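Please read the structure below before turning to the comments.
The values are calculated or read from the model by the stated rules, or taken from the named source; none is laboratory data. What you see is a predicted model, and the numbers here were worked out from it, not measured in a lab. When we count neighbours, we look across all protein chains shown, and the Cβ atoms used for this are built from the backbone with ideal geometry, even at glycine. SASA here: full protein model, heavy atoms, side chains in, ligands and nucleic acids out. Shrake-Rupley method; radii C 1.70, N 1.55, O 1.52, S 1.80 Å.
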Amino acid sequence: THLTEMLFLHQGCCMMRDTTAGWNIIAPREFIDFSCTAEYQDGLLSCGVSFDYGEAGQSCVRWFNHPRDWSCVPQKDNADHSLLTGYIQTDLREMLPQSAVFSAMASTLVNFYTDLRKALRM
């Protein structure tokens, strides 16, 4: 389960609180991100970073995303398709087995793209 709550929105910039369910030995996570999105080369560019804001939710461990960006650029040869590129580096702030981290991150990204596809079809 993944919950996103918008805390602030102003002129393409927003502050979001994301909370995820735990995975096996990984406790539930929460992170607060500030990001700005703007039009760029006929597409969109979104840059952001996490920051400490208040206390982490009950039974959650605060995640931290280092500076990251996402770009979405329409394909010139097919107007119905765009190229989505993202760079993200997350600090889970715990010593965890690497296999558990890879598994959790993979499922999170799969869910992200699945939710994104659903949202784009609306």
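Note on the range 17-33: residues that are open to solvent by 40 Å² or more (accessible area, probe 1.4 Å) and closer than 30 Å to Val73 by Cβ amount to 1.
Screening Asp69 against (1) over 19 Å from Thr108 (Cα atoms); (2) modelled with pLDDT of 90 or more leaves a single unmet condition, (1). With respect to the conditions (1) open to solvent by 60 Å² or more (accessible area, probe 1.4 Å); (2) within 11 Å of the chain's Cα centre (by Cα), Gly86 lacks only one, and its number is (1). Kindly establish whether Met15 is farther than 17 Å from Phe64 by Cβ and either of a type in the set (D, E, K, R) or within 15 Å of the chain's Cα centre (by Cα) (or both). Considered against the rule, which asks whether it is farther than 17 Å from Phe64 by Cβ and either of a type in the set (D, E, K, R) or within 15 Å of the chain's Cα centre (by Cα) (or both), Met15 comes out as no. Answer with yes or no whether Asp80 is loosely packed, with under 15 Cβ neighbours inside 10 Å and either of a type outside the set (Asp, Glu) or not in a strand (DSSP E or B) (or both). In short, no.
Within the range 97-107, can one find any residue that is surrounded by 15 or more Cβ atoms within 10 Å (Cβ to Cβ), in contact with a Phe, Trp or Tyr (Cβ under 9 Å, 6 or more places away or on another chain) and more than 21 Å from Arg117 (Cα to Cα)? No, the range 97-107 contains no residue that is surrounded by 15 or more Cβ atoms within 10 Å (Cβ to Cβ), in contact with a Phe, Trp or Tyr (Cβ under 9 Å, 6 or more places away or on another chain) and more than 21 Å from Arg117 (Cα to Cα).
Restricted to the range 50-73, and to residues there that are more than 24 Å from Tyr40 (Cβ to Cβ) and of a type in the set (D, E, K, R), the residue that is least open to solvent (accessible area, probe 1.4 Å) is Arg62. Within the range 34-49, the set of residues being open to solvent by less than 40 Å² (accessible area, probe 1.4 Å) and either part of a loop (DSSP other than H, G, I, E, B) or out of contact with any Asp or Glu (no Cβ under 7 Å at 6 or more places or on another chain) (or both) comprises Ser35, Gly43. Contact annotation: residue pairs with Cβ atoms under 9 Å, 6 or more positions apart or on different chains, pairing a residue in the range 48-61 that is of a type outside the set (Ser, Thr, Tyr) with a partner that is open to solvent by 90 Å² or more (accessible area, probe 1.4 Å), are Gly48/Pro67; Val49/Pro67; Val61/Arg93.
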